[in-house]
């Protein structure tokens, strides 16, 4: 396999989200044989089982993009000590109809950034629980609870020097797996 295609799911819709900045910065630090592409989730309708037989185009697109990826990277904020509703909605769309989950058998990394001191620890734990049920193998290490403070990203969208060293170490560990 010459190119490893990683679908990146950012759990925030906000254009200037620190998690989107983190996802963009990680893509710039990825080894040359890794291709990271963000999956759009902002146009998904709310999940409704009645629509399983005739999914909307954005749902079909999401399912096809996840299905074609070699691996997944979830970059999520923490809302009220859990994952944002928009992320859970995307996960629900990909897991249905029952028995046809596009998540099953995938490998995933989970991380997130927050301005708070605990990073996104609770959201990541909840996300790992959800993904475990869906038969997604989540990497246990390195854990990444990123505090997005001053210098987190620079004006070019590059991850700042303090976090860059940690981010590169994560890519090295991942590429050896």
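Odds and ends about this structure:
- All conditions in (1) surrounded by 14 or more Cβ atoms within 10 Å (Cβ to Cβ); (2) in contact with a strand residue (DSSP E or B) (Cβ under 6 Å, 6 or more places away or on another chain) hold for residue 3, with the sole exception of (1).
- Those residues of the stretch 29-70 which are within 16 Å of residue 4 (Cβ to Cβ) and assigned to a helix (DSSP H, G or I), in sequence order: 29, 65, 66, 67, 68
- Residue 73 being assigned to a helix (DSSP H, G or I), buried (at least 20 other Cβ atoms within 10 Å of the Cβ) and either modelled with pLDDT of 95 or more or touching a strand residue (DSSP E or B) at 6+ places or on another chain (Cβ under 6 Å) (or both): no
- Contact map, the stretch 126-151: first residue on the phi > 0 side of the Ramachandran plot, second residue exposed (fewer than 11 other Cβ atoms within 10 Å of the Cβ) and at pLDDT 65 or above, Cβ cut-off under 8 Å, separation 6 or more or different chains; pairs are 135/105; 151/161.
- Residues satisfying the stated conditions in the stretch 92-125, i.e. over 14 Å from the mean Cα position of the chain (by Cα), buried (at least 16 other Cβ atoms within 10 Å of the Cβ) and assigned to a loop (DSSP other than H, G, I, E, B): 96, 101, 102, 119
- Residue within the stretch 14-23 that is over 20 Å from residue 67 (Cα atoms), part of a loop (DSSP other than H, G, I, E, B), at pLDDT below 90 and more than 10 Å from the chain's Cα centre (by Cα) present: yes
- When the test is whether a residue is at pLDDT 95 or above and either surrounded by 12 or more Cβ atoms within 10 Å (Cβ to Cβ) or outside any strand (DSSP E or B) (or both), residue 132 passes it.
- Residue check for residue 11: modelled with pLDDT of 95 or more, buried (at least 18 other Cβ atoms within 10 Å of the Cβ) and under 15 Å from the mean Cα position of the chain (by Cα): yes
- The stretch 65-81: number of residues that are out of contact with any helix residue (DSSP H, G or I) (no Cβ under 8 Å at 6 or more places or on another chain) and either in contact (Cβ under 8 Å) with a residue 12 or more places away in the chain or within 22 Å of residue 28 (Cα to Cα) (or both): 6
- The condition of being within 13 Å of the chain's Cα centre (by Cα), modelled with pLDDT of 95 or more and closer than 17 Å to residue 45 by Cβ holds for residue 87.
- Pick from the stretch 36-70, criterion over 20 Å from residue 134 (Cα atoms) and touching a strand residue (DSSP E or B) at 6+ places or on another chain (Cβ under 9 Å), ranking: surrounded by the fewest Cβ atoms within 10 Å (Cβ to Cβ): 37
The values are calculated or read from the model by the stated rules, or taken from the named source; none is laboratory data. Computed from a predicted model, the values in this text were never measured in an experiment. Cβ: placed from backbone, ideal geometry, glycine included. Neighbour counts: every protein chain shown.
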